[in-house]
Each structure stands twice: as C-alpha cells, then as structure tokens.
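This report concerns only the one structure given below.
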Number of protein chains: 2
Amino acid sequence: MSKKQLIMESALELFAQQGFDATSVQQITEHAGISKGAFYLSFKSKDELINGLIDHFMLSLISDIDQVVKNHEMDANLLYEFYQAAFHSFQKHSDFAKIFIKEQSKTLNEELISKIHQYDKLIDNIILGMLDRIYGEEISQTRYDLIYCVKGFIHTYSHLILFFDVPLDLHTLSRSLAEKTALLAKHSETTFITEELYHTINEPFHMHITKEQLLELIEQKIEEVEDSTLKESLTLLKLQMIEPSLSPAIVKGLILNLNNHPACKQIAYLIQDSLNND
Amino acid sequence: MSKKQLIMESALELFAQQGFDATSVQQITEHAGISKGAFYLSFKSKDELINGLIDHFMLSLISDIDQVVKNHEMDANLLYEFYQAAFHSFQKHSDFAKIFIKEQSKTLNEELISKIHQYDKLIDNIILGMLDRIYGEEISQTRYDLIYCVKGFIHTYSHLILFFDVPLDLHTLSRSLAEKTALLAKHSETTFITEELYHTINEPFHMHITKEQLLELIEQKIEEVEDSTLKESLTLLKLQMIEPSLSPAIVKGLILNLNNHPACKQIAYLIQDSLNND
DNA sequence: TTGACAAATGACCAATCAGTCATTAGTATA
DNA sequence: TATACTAATGACTGATTGGTCATTTGTCAA
C-alpha cells in the first residue's frame, strides 16, 4: 500500500469519528504510524487530503450506482437495484458515508462546497435519468420533486445503517423504498420544484468564483482539451478577460464554440458570467 | 434586551454562517459589541452558550409544531398544517434551522449528542401521534417507516428554504408533501422499521450504561411501578444481576413479565442486554 | 568503505483558540 | 465629594493547531 493510501485510510477513520476540524494532522500521522513530516511529503496540506478523499470516494460511490442503473435491463426492478447499490456502497465505505452525511453541508472552504455541489448534481442526474427511463412522460410534472424525495429517503434511512450497530435487512429496505418511490411516481400530482426552480437552484458557482480562480480554471482547461478550436477559443477568451479588445460578436462566437463541446459548457457559462459582470 | 439575549442572537448568526467550531468567542463578542470578559459574565463557557441556544430554539420549534398538531381539528388538513408549521418555523428561525440541519449529526460533546437525540425523539413522537390520529390502525404496519419518510421530506426540502435565496411558495410545498405523505400512508405496505427495531434504535444509552447505573435504574423503577408482579420481577432480576442463581427459563419469564407492561419495555431490554453480556 | 541521494523525522514556528483576572469605568448611596 | 459596589474591559496564559525545515536515517552504486 502506498504511503498516500495509508494516510488516506487512517484519516478517513478519524474523520468519520470526529469530523474534519476536530481531527489534527498529528492524530492522523500517529494513527498511521508515520511522522508529521512524512505526511507533508504525500500531501501539500490537510485540505488537499480532504479534497483527495472526497474525490476518491465520491467517484467510487457514483460509479457504483451509475453502473447498476446503466446496466440493469429489467426496468421493473430498477428502483430496487438502485437502492440496493446505494445502501451497499454506503455500507462498504461506511467511514466515508458517515463523513458525507455528517459534513455535507458544513461550512468548509469554498472549493469543497462547490466540489460537493458538483457531485450532488451528478447524483441528481443519475436519479433523474433512472426515473425518466422507468416512467417517461408519466412523471413530467413531478420529476424534480421525485429526485428530492429519493434523496430524502436515502438520507434518513442512511442514519440507521451508519450510526447504529444493528443488523439490518437491506433487501427489505430497498424493496420498501422502491415501493414508496413507485407510489409517489405513479400517483403524486402536485408540482413544487418546477424546471425553472430546479435550474435556478443549480446554477453553478453563481457568484462565488473570483476572476483569478476562473483564469486558472481556463488555464487548466486549455491543457486538458485536445481540439484546437477549443484551445484557441479559450486562449482568446482568457486574454479578453484580462484586457478587453475583441468585439462583442467575436466573443459571443467564441463562447458558442465552447458550448458546442459538452466538457466546456460549464466553463463557458462561467466566462460569460464573468464578462457580463465587468 | 438582556446581555444574554444579545450574545445569543449574535452567536446564532455567526454559528449559522460558520458552524460552531469555526466561530470564536472573540468573533461573537466583537459582533455583539461587547468585550470578551463580558461574555464570560453571561455564560460559563462556549459550550454553555451552545447548549442554551439549542434548548431555547428546539423547544420553540417543537412547541410551534406541537401546538398546531394538538389544536387542529379538521383532520383532513392536519398533514398540511403540520408541514406549514414546520417550514414556517424554519423560516422564522432560519439561522437556528441552518445550524440544526448542518450540525445535527456532527461530532459534538456527548452531552449535546444525547440532548439532540432527546429532541429528535420528541419530534418523532409528535409525528407519530399525528399519523396515528389521522390513520389509526390503517398504518399499524408502516407507522415507524412513515416517521422516517416525513423527516426525510422535511430534511431535503429544508435545504431549498435555508440555503438558497429563492422565493418559495410554502403553501404549495406543504400541500405537495401532505399529498405524498397521504399516498404513502394509504398505499405503502412494506414494513422495514418494525416496532422492535424502532425501540432498539431509540434505546437510550444503548451500550454506554454501566451495571451500577442499571441497578440504580431498576431500584427507581421498583419504586415507580404499582403492579406487584412487576415489583417482584424487577427485584428478582436485580438480585440475579448481582449474583446469578435463577434458571434461564425463570429469567426469561421475568423479563416477559416486564415486556407485558409498556412502561417497563425499555428497562427489560437493558436488563436482558446486561445479563446476556455477563 | 565511501559518498551521493532520497526518505523520513520531530523540534520548532506563528497563529489561533478558550478562558482568566488584575484593572478600570460607571453608578448609586451616604 | 467620598465611598462602596458592580459591570466591563482587554492583555494575558497555556494549550493546540497547520505547516516548515535543519537534521538524521536508510539505501543504493562505485
């Protein structure tokens, strides 16, 4: 096991018990049987460790669920399989799940909050995709409400799994929640979360990103993308942000270039937002 | 406004923004426009302040909801009124509600955790009383599951109210959740949380109780109960705990005596648990 | 055995924290 | 005005934190 993994596992355990703030780097290194200096050879800071943990386990959790939802063919049992996957993944990574449930809305640094928000949106999309696949047009009025209900179910019942040492029958739980979800999907009629409300809420970053952070994000994206049009568009927009020189029409066109590529939609939104605010 | 109130209001605001740990006493006193010394004239410690805040607002929240549930006569709209009361109370005390949602399962000191657990049980009882009143025997198989669903609904939708600056129509939300709750109550059939499971989970102290504490509890219970069978059973079981002498069958029967009386179920569980661990 | 390099250490630092207490300011009574 | 009292202050303490870095240890090839 690499040193990084050793630290991550030790930290995870302590974080689950005590939370991020209450766990010191000292404690982590003692628990891992290494020195404090050795910690900082593997991670630049405590924040980087926390970030790494969240990335690692969130992606694992999401891919666990996504795989089940994407690969399962019998749509009749899909809801049941979804809940099974979710709860088993929670049980498998119970230390991380505890952190996720406990600290998901705690006051962390800006970067972490937006990261968690991103993952939350990913989960939303998986759930929405599943619901649409099962019920199609039938739930057009209640699909966003259903996402919230499903997440609410998972949240409350997770407490039982994570914080009590009681043997639980996850099969019955999943069956029970699948039944409840189906009931709501088929018979619930009142819309509370409209499409408009849902998108208003999920506007990324909204106002919380600085120009400097955005410039850095663009820089990263330039390295990341392969398409030369995208590279060029990003570079020009970066310059425009630093020193405006291009005509509005050109800027609009460049942003359109980005929007044509799914991986750049988010950054396109951010750039447009930033340029509009100048 | 008394100094205590001034401090509590200042602290509440900062706690809601930053959490308990991240808010220093210094910050609170600066925000309240007083000196650090003055803070410690009103509160013995930061913990005492936190305790006071939770007591004050939890009781307020609970009495808000309880009053509505207890006084409302038209049972047809009771669910709607319940959700209305809950969400309006959340909106009224949004700073406290934020703390409650954020930090309810965070790692705090033992005292706070059990305090919050107590309040959570109070809320459970309000919800359970309401559901029983509306649906009676109809939900005998699903009443504990329904509690969890109702709490799940409130939790997820609270995020919208508390963490996004969007004008929301609480009337529609309450109507929508009342509809959903009614659907689940009338048509959901699968039991996951059995009476036994529910009581196991809500068993206070669970494992944290020593034999000596339990003996004291039994002593109290002996004084408390009237029925002579119960008195005798408790006395015999107490002696058995100190010096085992009875056959397993007799012990089992004595515990059964206790279980027949609702007020003794809890202590029966604790005694059984303790005897099994010997 | 030597020397060169990387891996690992833990004493140390500046910052921050909750909580204390000698001192001062304010106020009421004589 | 003088005295006696409480209310309020903020510099201070000791403990703890995240993070650094001069030093030591371990491990190679020559």
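Here are a few things to note about the model shown:
- Computed over Cα pairs, the Kirkwood radius of region B:46-187 leads via Stokes-Einstein (1.306 mPa s, 10 °C) to a diffusion coefficient of 100 µm² per second.
- Result for chain B in a Gaussian network model with C-alpha springs under 10 Å: among B:27, B:67, B:213, the largest mean-square fluctuation is at B:213.
- With the convex hull drawn over the C-alpha atoms of region B:130-258, the volume per residue is 180 Å³.
- FRET efficiency estimate (nearest 0.05) - Cβ-Cβ, residue B:232 to residue A:269, R0 60 angstrom: 0.20
- One compactness figure for region B:1-43 is 1.02, namely its Cα radius of gyration divided by 2.2 N^0.38 Å.
- Separation of the residue A:13 and residue A:215 label points, Cα + 7 Å toward Cβ, nm: 4.5 nm
- Pairwise FRET efficiency - residue A:194 versus residue B:140, Cβ, R0 = 45 Å, nearest 0.05: 0.75
- Shielding of B:10-23 by partner chains, average beta-carbon count, 10 Å: 2
- Label 7 Å beyond Cα on the Cβ vector: residue A:121 copy-to-copy distances, nm: 4.3
- Volume of the Cα convex hull of the protein assembly as shown, divided per residue and given in Å³: 223 Å³
- Among B:267, A:90, B:147 - extreme Cα towards positive end, dipole of the protein assembly as shown, charges at beta-carbon: A:90
- For region B:207-277, the ratio of Cα radius of gyration to the globular rule of thumb 2.2 N^0.38 Å stands at 0.98.
- Dipole magnitude for region B:46-187: about 260 debye, using +1 per Lys or Arg Cβ and -1 per Asp or Glu Cβ, origin at the Cα centre.
- Rg and Dmax, both from the Cα atoms of chain A and both in Å, are 21.8, 66.
- Charge tally in the Cβ shell below 13 Å around residue A:7, where Lys, Arg are +1 and Asp, Glu are -1, residue A:7 excluded: +1
- Remark: mean inter-chain Cβ contacts per residue of B:182-190 equal 5, using a 10 Å Cβ-Cβ cutoff to other protein chain atoms.
Every read-out reported here was derived from the displayed coordinates using simple, explicitly stated rules and does not represent laboratory data. Given the structure is predicted, the values throughout are model-derived calculations rather than measurements. With ideal geometry, Cβ positions are generated from the backbone for all residues, glycine too; neighbour counts draw on all protein chains shown.
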